[in-house]
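Written out below as structure tokens is the structure these notes cover.
No lab work stands behind these numbers, since they all come straight from the coordinates. Here the structure is a predicted model, which is why all the values come from computation and not from measurement. With ideal geometry, Cβ positions are generated from the backbone for all residues, glycine too; neighbour counts draw on all protein chains shown.
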Amino acid sequence: MIEFRCFRNDDPPRLADAWRSADLGPSAMQPMTSALLEAGVFSKPYFDREGLIVAIDDGRVVGFAHAAFGPNADHSAIDTTVGTTLLVVVVPHAEHERIGADLLDRCETYLQRRGAATLLGGGSTEMRSFYLGLYGGADLPGVLDSSPTMQSVFRRAGYAEAERIGVLRRPLTGFRPPVNRLQLAIRRATTLRVIDEPARRSWWEAATTTGIALRRYELRGTGESLLGTASFWDMQPLATAWGVSATGLMHVGIEGERRRQGLAHYLVAEALHDLAQEGVTLAETHVSETNSPAMQLFTKIGFEIADRGTLFRKS
């Protein structure tokens, strides 16, 4: 008989075993360990044991699911009005579908009990509460197409597609930024600064990126005015498991009145060139497929779709 309960302190080794046994696809960290789960999940200041539901069959963990929340408007605290079930992990089992459905149902109950009026499925750039670097690559991409078993859990439960997220990658070996009149003009008029381990800009950024190596590139103009920033992180330990040195582009922002002047293209290309010079061989970023300007930007720089994910929503 399958039993369900919330997380206990002696669970991490058995959760790691379940992760290793489940078919989560190539963008899930393998082999999973208790130490990795501690760093990416249990150590977060907002971790709530009641939101991590564990399925037990005859004393063995056969699955788990994790429900969580994202930040409020100013990223200073958790907002419990929107909740998501980040992952539903189930090992090969005769009752696989029922275990997944029951885990998800219990996550929904937890989220609603905490006040969630909107239920999502999967993580995203905004809802990256846990598992950054453990599932999905450069960021959380909903539930990946390369994890079809997990996607089916949400679809059977009545979740619909809310957003499609593209996972874009570009090899960096020998990368050179484009040279044209516009790019040369920007180079003459700006300065590019590199800041390793920059001060986190909000409580939420600090909570979600503590423990990873973050690098920020700042593009500054006349009088040291800030024109834009691009934030990357060293995708460890996932990149090591892939056998490459990879960087994840988490954010690109250009000041409002300076947009559409080629600055984002210049900033990202120069940052990638700098990283390539340091031996980074692969860059990855995630983009909503409805964000046409961003998709066009990365396509021009040579990024290609490597996978896609779906952020689900339940009405």
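Gain on full extension, evaluated as 0.36 nm per residue between R113 and N72 minus their Cα-Cα distance, stands at 12.9 nm. Maximal additional length on extending the N291-R193 stretch stands at 32.6 nm, based on 0.36 nm per residue less the C-alpha distance. Projecting the Cα atoms of S43, F64, Y266 onto the dipole axis of the chain, where Lys and Arg carry +1 and Asp and Glu carry -1 at the beta carbon, places Y266 farthest toward the positive end.
Calculated [222 nm] ellipticity per residue, helices only, for the chain: -8000 deg cm²/dmol; basis is -39500 (n - 2.57) per DSSP H run with n ≥ 4, divided by all residues, nearest 500. Within the chain, all pairs of alpha-carbon atoms sorted by distance into 10 Å bins from zero give the percentages 6, 27, 33, 21, 10, 3, 0. With Cα atoms as the point set, the radius of gyration and Dmax of region 170-314 evaluate to 15.5, 50 Å.
Once the Cα-Cα distance is subtracted from the 0.36 nm per residue extended length, the R49 to F4 segment shows a gain of 14.9 nm. Farthest towards the positive end of the charge dipole of the chain, among the residues I53, V252, P198, is the Cα of V252, using unit charges on the Cβ of Lys, Arg, Asp and Glu.
The antiparallel fraction among DSSP beta bridges confined to region 170-314 stands at about 85%.
Here the convex hull built on the C-alpha positions of region 188-247 has a volume of 91 cubic angstrom per residue.
Take every Cα pair under 8 Å in the chain that's 6+ residues apart, average their separations, divide by the length, and report that relative contact order as a whole percent. For the chain, the relative contact order is 21 percent. Using Cβ point charges alone (K and R +1, D and E -1), the dipole size of region 2-161 about the Cα centre works out to roughly 140 debye.
The label point for S152 and the one for T173, both projected 7 Å from the Cα toward the Cβ, are 3.7 nm apart. Remark: relative contact order (region 170-314) = 26 percent; criterion is Cα-Cα distance under 8 angstrom and separation of 6 or more residues. Taking other residues whose beta carbon is less than 13 angstrom from the beta carbon of P171, and scoring Lys, Arg as +1 and Asp, Glu as -1, yields +1. The Rg/Rh ratio for region 269-315, using Cα coordinates for both the radius of gyration and the Kirkwood hydrodynamic radius, is 1.09. Label reach from T81 (point 7 Å along Cα→C-beta): in region 195-213, amide nitrogens under 19 Å belong to 204.
Sorted largest first, the spans of the alpha carbon positions of region 80-234 along the three principal axes are 63, 34, 27 Å.
Bridge orientation summary for the chain: considering DSSP beta bridges with both residues in this region, about 90 percent are antiparallel. Using only the C-alpha atoms, the convex hull of region 2-161 corresponds to 105 Å³ per residue.
Given axes a ≥ b ≥ c from the Cα gyration tensor, I'd like to know whether region 230-279 is rounded (a/c under 1.5), prolate (a/b larger than b/c) or oblate. Prolate is the answer for region 230-279, as a/c is 1.5 or above and a/b outweighs b/c.
Residue-wise HN-Hα couplings along region 123-138, as the Karplus relation 6.51 cos²θ - 1.76 cosθ + 1.60 with θ = phi - 60° gives them from phi, are x, 7, 4, 7, 9, 9, 4, 9, 6, 4, x, 9, 9, x, x, 5 Hz; Gly and Pro carry x. Short to long, the 10 Å bins of the Cα pair-distance histogram for region 89-159 hold 18, 47, 33, 2 percent of all pairs. Each of N180, V167, W242 was scored by the projection of its Cα onto the charge dipole of region 148-275, and the greatest displacement toward the positive side belongs to N180; charges sit on the C-beta of Lys, Arg, Asp and Glu.
Between the alpha-carbon centres of region 167-215 and region 22-99 there is a gap of 30 Å. Against the empirical curve 2.2 N^0.38 Å, the C-alpha radius of gyration of region 19-113 lands at a ratio of 1.15. When each of the peptides 133-146, 234-247 is scored by the mean number of other C-beta atoms lying within 10 Å of its residues, the order from highest to lowest reads 133-146, 234-247. Binning the C-alpha pair distances of region 137-216 at 5 Å intervals from 0 yields a P(r) profile of 3, 9, 12, 12, 14, 16, 15, 9, 5, 4, 1, 0 %, listed from the shortest bin outward.
The charge dipole of the chain, taken about the Cα centre with unit charges on the Cβ atoms of Lys, Arg (+1) and Asp, Glu (-1), comes to about 920 debye, rounded to the nearest 20.
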